[in-house]
Amino acid sequence: MSMIFAYISFTLYILGILFSFKREASYLLSFLGSIFVFVTGIIGTFYPFTLGEIELLPKIYMSMDVNHLSGIFMTIAATSWIAISIYSVDYGKFYSKDMGLWLNLSMIGMLTIMMAKDGLTFITGWEVMTVSSYLLILKSKGSFKEAFEFLAFGELSTVALIIAFASIFLKNGNFSLVQNSGTALFLIATTFAFAVKMGIFPFHTWLIGAHVKAPSNVSALLSAPLTLMGVYGIFMALSVMPNLYLYNFEWWGILAVGFGAVSAFWGALQALAAKQLKTLPAYSTIENNGMILSAIGISVIAIGDPNLQILSAFATLTAIILTISHTFSKSLLFLSIGHAKEALNEENIDDLRGSWSAVGKIPALGIILSGLSFSAFPPLIGFVGEWMLLETFFQSYKLVNVGEKIVTTFSGIFVALAIGMAAFSMVKLTGYTALGFDHGKKSKNMPNMAMKIAEIFLITFVVAPGIFAPFVVKYLGYGIFTSGLFGVPKPFLIISSIPVFGVLSPTFFTIVFSILFIFPLFFYLSRRKKVRKIDPWNGGLSLKENEYFSAPAYSAILEIVLKKIYITKEKISDYEAHIEVVDVVNLFYKGLKSWILKIEKIISQILMNGNLNVYIIYILIAFTVIFFILR
Amino acid sequence: MKILIGVFQKDGIEHYIVQENGVISLEVDPKNMYFENYTFIKLRDPIISSYESVRNGEGVFDFRYGPVTSGVGEAGIYHLYTYGERILSVDVDLSYKSRKLDQMISGRDPKEALKFVESICGNFAFSHSVAFSRAVENSLGINIDPVTESLRIVGIELERIYNHLYVISQLALAASQKVLSSHLSYLFEESLRLNKIFSNSRYLKNFNRIGEIKIPDGEKLQTLKEGILKIIDDFKKLYDHALASGNFIDRLYSTAVLKMSDALKIGITGPTLRATGVKEDLRYGNWMYEDLQISTKNDGDALSRMEVRAEEIFESSKIILQKIQILQKIQNFKTTPESMEKRSNGLGYCESPSGTIVYVIETKDSKISDLYISTPSFFGFKGVANAMIGNVFTDFQFAIESFGINFADAAL
């Protein structure tokens, strides 16, 4: 019975593809498909089921199922898909009709990944997702370079996945993804593949260009559900490994914590200096995925110690909450920014000022709430996730191994810095784009009802799971981390350990805060008509347009102070000046590319020089080598 | 090295006011002389801009500081163009303080005009008064006796001491050297009280007169001597401590650098010019200053300017004590001015605490018929605007305070 919902989802997405010539119908079908995925995910979370299998060759099957883990991830992804689909009803009008085709196809790809029970199905879904996403990025003009970079990194992941699944096949004689089927090589290769997809440092460069260039609904898809597939992949890979409790995989945990923390730090640092509208949220994705990976890392380190099972479970829960927070908040952020960007036809943070008054309260509220969520503002879901992450790091003192303690301590410092810097960058983004002075700008006339509905939908999912976080924790199957203490009834309190280490009740925070807020609000409303509103004092004169503090200036001090990290260049000519910062990893890839092109040129001159004799010798050598390999 | 500090027209002929080797001269119709600051002086635009004019670019905006803002003591505006922290270009708007003083003073009796002159800029009141008096005396053919000149020198040096103390205390405050700043503020207040005892005015107003000066009695001279000794003794201890403070010195070192070539090009005089290594001081050309030691530094930064001012405090105290010693030996002061040949115009100047003040006046029927004033702050703001380029916002206060200039002195 449960499997019917899954089949309906696939059917609706396929119909969405077939009806892509009719834009609205295509997006509405993807919306309906996503609703069914959402329901399927909820059912699968509690009642796992199988969808059946197809035998391709003896012992080689393609099969699908929905279990507790994939059910959770399907529900998370479907929430984002629902919003993206509704949003695209309006937003898709700015792009060609085939956008609906690739959007539905990419959702099919991601759904296949989450339901895959074997390597072949997984890799099929992975390729469908990668290629359709590549084609979606291409919907924007002048995005070929960025789309190709996305594809190149995507295929790099695929190569790593092929190696991983080949190692499973060598061990088990089939591609089944069941517990104990994994090998060390499988874990290394899949981790690499999924880290690339998550945009973990130093494999994050594809993510920036692609997010910036892609249409905003696609940016939301790339940043939230697509990188979510990387997170799911990591969980999946760990779930098929031999029992982590019995075998020693601490090395993996240490690497994950280290890379995750550095990635979080690097993403937050680069987000600070971002000037383009979508560059900042793109780097924020790197930061968030870094935090998720570091939480998973601590979970894996702790699971090897019988005394730290609670910490391991809490770290896993942290990773899932952070995943939920990132997916919902980032989808909202990209969609809201895309709305304002399209309405005002602007590209930079500094130019998109005052969307609250110029574009509308709903997209502005979307930017503000998602920004606040990433700034860990209580009681939003981002606050709950980041509190849990810090609690996880605080408890790393319980680890026995000195090396693990050192790595987690320094990683904790990096993560804490990242959280602080993220708040700084989000204040910059929301402060200017949503709340800044609009300078009399007017948004263009465009249909936006569906966009607003999508934004309201996601606002609900950023606010409600935060306020009712203890129930989310219970829903995810971690009821042991809810309790009642200090007058807070059970289960409204989240506890970070047993016995209690740290506690948080976003629900009661909301209640207390609301009560405290009601009286000043009532007082203000009752006297509102008597309140005289005046401009702030600005030296006795009204501010002219060129006297407003600019967004690049907001972060310039850090760019100047940290010039060795940002490789800051202050470019000052006779009449124009600006600050340039670079992501040093880009320089590395630039150098690598140049080096490869040089080698390519040398090889082409030797082998592909138009000389027939050389070609024949090359063919003969190649044939001989292949003959000896395959004999 | 000739420095152009004024340009005016008389009877259709251009006149340059030029300073060289401690002497001010008027160059009539100087067709063979070229000065880079000619246009700047000729136009006297109330908006003074830095030579660099970078106002565009990603994130570049005008950080307007003023006209009524905490941190800007007078009505004036600093337009700091920046992309964040780094100051790219500066405009200083003097227009809010413009009072059309030449029109207000013209047609008035010199004694009446002297009150206006003393009110141009409170903390340079005595320097303005002396420079104006000298111009009037020059025009009316009044020759000043040595006692009056000695007392004027005492007044000028007292003004220099309290101004320099104030500048250094403000620099200490900008560097959050609260203890040093508080002590220096105390010395500043003490010096003002000493002025009051000596001249009946905290800012030495109504002390100087055309052709004469109020004569203090022996007791006042003795009080002044004792007061100066105490202030200098206290200042020396504080200054030694200040120079030993790495935090303080670091904030001033290489901040708001004005090179010698730029200072000369602009027309800068006073301690700011001497801090770039140029030994130029109007006192140098006055025979009444015996054994004058002119202090110079070479870096042209806020630290050099502070060092020059600090050393000038010691030198000023030495001059005051010398003059008191001479005056105390004279039993009966004779201050009757001698008459000389009258002229229709007069030139008067003075080395104020922040540089050269020049008055060129025209008299007709014993009244001021025309007037040209050159003040150090006008050039100082051009210097500030250029010295701030490349510095960051937090250097702003050091730049402004180290120049020791005023909108009231610049915008006439």
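Suppose R0 equals 30 Å. What FRET efficiency, 1/(1 + (r/R0)^6) with r the Cβ-Cβ distance, do residue B:293 and residue B:247 give to the nearest 0.05? Don't skip to the answer; put the middle values down first.
On the way: r = 30 Å, r/R0 = 0.99.
Efficiency, from the Cβ-Cβ distance: 0.50.
Is there a simple number for the mean count of other chain Cβ atoms within 10 Å of the Cβ of residues in B:51-58, and what is it?
Details: counts 0, 4, 2, 7, 4, 6, 10, 12.
Taking the mean over all residues of the peptide, I get 6.
Which log10 I(q)/I(0) values, to two decimals, does the stretch B:351-412 give at q = 0.17, 0.29, 0.30 Å⁻¹ under the Debye formula with one point per Cα?
Normalising to I(0) and taking log10 leaves -0.64, -1.16, -1.19.
Residue A:47 label point, 7 Å along Cα→Cβ, cut-off 20 Å on backbone N: hits in the stretch A:1-35?
In the stretch A:1-35, the label zone of residue A:47 (backbone N under 20 Å from the point 7 Å along Cα→Cβ) covers A:1-10, A:35.
Please list the helices of chain A that count as membrane-span-like by this rule: a mean Kyte-Doolittle hydropathy of at least -1.0 together with Cα atoms stretching 30 Å or more along the helix axis, each helix being a complete DSSP H run.
A:23-46, A:68-91, A:144-172, A:250-273, A:279-303, A:309-344, A:402-433, A:584-607
Which residues does the label zone of residue A:480 cover in the stretch A:310-327, counting backbone N under 14 Å from a point 7 Å along Cα→Cβ?
Label zone hits: A:310-318.
Just to make sure I understand: if all protein chains stay in place, what is the order of A:529, B:236 by accessible area at 1.4 Å, largest first?
My answer, sorted largest first, is A:529, B:236.
Quick query: amide H of residue A:176 versus all other amide H atoms, modeled in the peptide plane; which residues come in under 5 Å with a sequence gap of 5 or more or a different chain?
A:119
Listed highest first by mean packing, meaning other Cβ atoms within 10 Å per residue, what order do B:98-104, A:36-42 come in?
Working: B:98-104: 12.6, A:36-42: 23.0.
So the order, starting with the most tightly packed, is A:36-42, B:98-104.
How would A:292, A:188, B:389 line up by accessible area, probe 1.4 Å, largest first?
Numbers: A:292 0, A:188 90, B:389 45 Å².
Greatest to least solvent exposure: A:188, B:389, A:292.
Taking the simple approach of a point 7 Å from Cα along Cα-to-Cβ for both residue B:189 and residue B:325, what is their distance in nm?
3.3
Could you sort A:602-610, A:169-177 so that the peptide with the highest average Cβ count within 10 Å comes first and the rest follow in order?
Details: A:602-610: 9.9, A:169-177: 16.7.
For the peptides A:602-610, A:169-177, the packing ranking is A:169-177, A:602-610.
Taking the Cβ-Cβ separation of residue A:59 and residue A:510 as r and a Förster radius of 60 Å, what is the calculated FRET efficiency to the nearest 0.05?
Values: r = 55 Å, r/R0 = 0.91.
So, using R0 = 60 Å, E works out to roughly 0.65.
With each run of n ≥ 4 DSSP H residues scored as -39500 (n - 2.57), what mean residue ellipticity at 222 nm is computed for chain A after dividing by its residue count and rounding to the nearest 500 deg cm²/dmol? Show your work: numbers first, answer last.
On the way: 24 runs with 428 residues, N = 631.
Mean residue ellipticity, 222 nm, calculated: -23000 deg cm²/dmol.
Taking the Cα centre of chain A as origin and charging only Cβ (+1 Lys, Arg; -1 Asp, Glu), how large is the dipole, in debye to the nearest 20? Kindly include the intermediate steps, with their values, before the conclusion.
Values: 43 positive and 34 negative charges, 229 e Å.
Here chain A has a charge dipole of around 1100 debye.
Identify, among A:546, A:575, A:595, the residue whose Cα sits farthest towards the positive end of the charge dipole of the stretch A:523-610, taking +1 on the Cβ of Lys and Arg and -1 on the Cβ of Asp and Glu, with the dipole about the Cα centre.
Selected residue: A:546.
Can you pull the Kirkwood radius for the stretch A:243-501, inverse mean 1/r over Cα pairs, to one decimal in Å? Before the final figure, lay out each step's value.
Values: mean 1/r = 0.0530 Å⁻¹.
The Cα-based Kirkwood calculation yields 18.9 Å.
Using a 1.4 angstrom probe on protein heavy atoms only, which residues from the stretch A:269-296 are buried by at least 10 Å² of accessible area when all chains are present rather than their own chain alone?
A:275
From the gyration tensor of the Cα coordinates in the stretch B:101-410, what semi-axes in whole Å does the equivalent ellipsoid have, largest first, with each one equal to sqrt(5λ)?
Working: eigenvalues 206, 112, 49 Å².
Semi-axes, largest first: 32, 24, 16 Å.
Name the residue from A:367, A:498, A:422 whose Cα lies farthest towards the positive end of the charge dipole of the stretch A:243-501, charges +1 on Cβ of Lys and Arg and -1 on Cβ of Asp and Glu.
A:367
How much of residue B:240 can a 1.4 Å solvent probe reach, expressed as accessible area in Å² and rounded to 10?
About 80 Å², ignoring ligands and nucleic acids.
Using +1 at the Cβ of each Lys and Arg and -1 at the Cβ of each Asp and Glu in the protein assembly as shown, identify which of A:77, B:197, A:327 lies farthest towards the dipole's positive end.
Value computed over the given set: A:77.
DSSP H helices in chain B with Cα extent of 20 Å or more along the helix axis and mean Kyte-Doolittle hydropathy at least 0.0?
On the way: long enough: B:125-140 (22 Å, 0.33); B:146-174 (41 Å, 0.57); B:178-199 (31 Å, 0.09); B:218-243 (37 Å, -0.36); B:302-329 (41 Å, -0.04).
Length and hydropathy pass: B:125-140, B:146-174, B:178-199.
With 28 Å as the limit, write out which pairs from A:452/A:474; B:111/B:323; A:278/A:601; B:100/B:318; A:444/A:530; A:141/A:444 have Cα-Cα distances beyond it, or answer none.
Values: A:452/A:474 31 Å; B:111/B:323 26 Å; A:278/A:601 36 Å; B:100/B:318 38 Å; A:444/A:530 35 Å; A:141/A:444 20 Å.
Pairs exceeding 28 Å: A:452/A:474; A:278/A:601; B:100/B:318; A:444/A:530.
Students sometimes get this wrong: rank A:537, A:266, A:206, A:102 by accessible area, probe 1.4 Å, all chains present, largest first.
Highest to lowest solvent-accessible surface, that is A:537, A:102, A:266, A:206.
List every residue whose amide H lies under 5 Å from the amide H of residue B:10, counting only residues 5 or more places away in sequence or on a different chain, with H placed 1.01 Å from N in the peptide plane.
It is B:15, by chain and number.
What is the mean number of Cβ atoms from other protein chains located within 10 Å of the Cβ atom of each residue in peptide B:88-95, rounded to a whole number?
Working: counts 4, 3, 0, 0, 0, 0, 0, 0.
So the per-residue partner count for this stretch is 1.
Hey, got the Cα dimensions of the stretch A:62-212 along the principal axes, in Å, largest first?
50, 31, 22
Treat each spin label as a single point 7 Å out from the Cα along the C-beta direction, and report the residue A:453 to residue B:38 distance in nm.
Simple spin-label model gives 7.6 nm for this pair.
I'd like the distance separating the alpha-carbon centroids of the stretch A:309-330 and the stretch B:112-177, in whole Å.
After rounding, the separation between the Cα centres reads 73 Å.
Once you put a point 7 Å from the Cα of residue A:148 and another 7 Å from the Cα of residue A:501, both along the Cβ direction, what distance in nm separates them?
4.9
Could you calculate the FRET efficiency of residue A:565 with residue A:604 from 1/(1 + (r/R0)^6), where r is the beta carbon distance between them and R0 is 35 Å, rounded to 0.05?
0.40
Name the residues of the stretch B:86-114 whose amide N is less than 16 Å from a point 7 angstrom out from the Cα of residue B:53 along the C-beta direction?
B:88-93
Residues of A:297-303, mean number of Cβ from any other protein chain within 10 Å of their own Cβ, rounded to a whole number? Please list the in-between numbers first.
On the way: counts 0, 0, 0, 0, 0, 0, 0.
Per residue, the number of nearby Cβ atoms from other chains is 0 on average.
Around residue B:120, which amide H atoms from residues at least 5 apart in sequence, or from another chain, sit under 5 Å from its own amide H, with H modelled in the peptide plane?
Under 5 Å from the amide H of residue B:120: no residue qualifies.
Multiplying the sequence separation of residue A:179 and residue A:589 by 0.36 nm and subtracting their Cα-Cα distance, what value in nm do you get?
Numbers: separation 410, 0.36 × 410 = 147.60 nm, distance 3.71 nm.
Extra length from residue A:179 to residue A:589 when fully extended: 143.9 nm.
Mind jotting down a quarter of the surface of the convex hull over the alpha carbons of the stretch A:398-474, in square nanometres, one decimal? Display every interim value, and only then the final one.
Values: hull surface 36.3 nm².
Orientation-averaged projected area of the Cα hull: 9.1 nm².
About the Cα centre of the stretch B:101-410, what is the dipole size in debye to 20, counting +1 per Lys and Arg Cβ and -1 per Asp and Glu Cβ, all else neutral? Before the final figure, lay out the partial values.
Numbers: 36 positive and 39 negative charges, 68 e Å.
For this selection, approximately 320 debye.
As an exercise, take the mean of 1/r over every pair of distinct alpha carbons in the protein assembly as shown, invert it, and state the Kirkwood radius in angstroms. Mind dumping the intermediate values first?
Numbers: mean 1/r = 0.0293 Å⁻¹.
Answer for the protein assembly as shown: a Kirkwood hydrodynamic radius of 34.1 Å.
The values are calculated or read from the model by the stated rules, or taken from the named source; none is laboratory data. None of these values were measured; they are calculated from a predicted model. Using ideal geometry, Cβ is built from the backbone for each residue, glycine included, and neighbour counts are taken over all protein chains shown. Side chains are part of the model used for accessible areas, which takes the heavy atoms of the whole protein and leaves out ligands, DNA and RNA. Shrake-Rupley method; radii C 1.70, N 1.55, O 1.52, S 1.80 Å.
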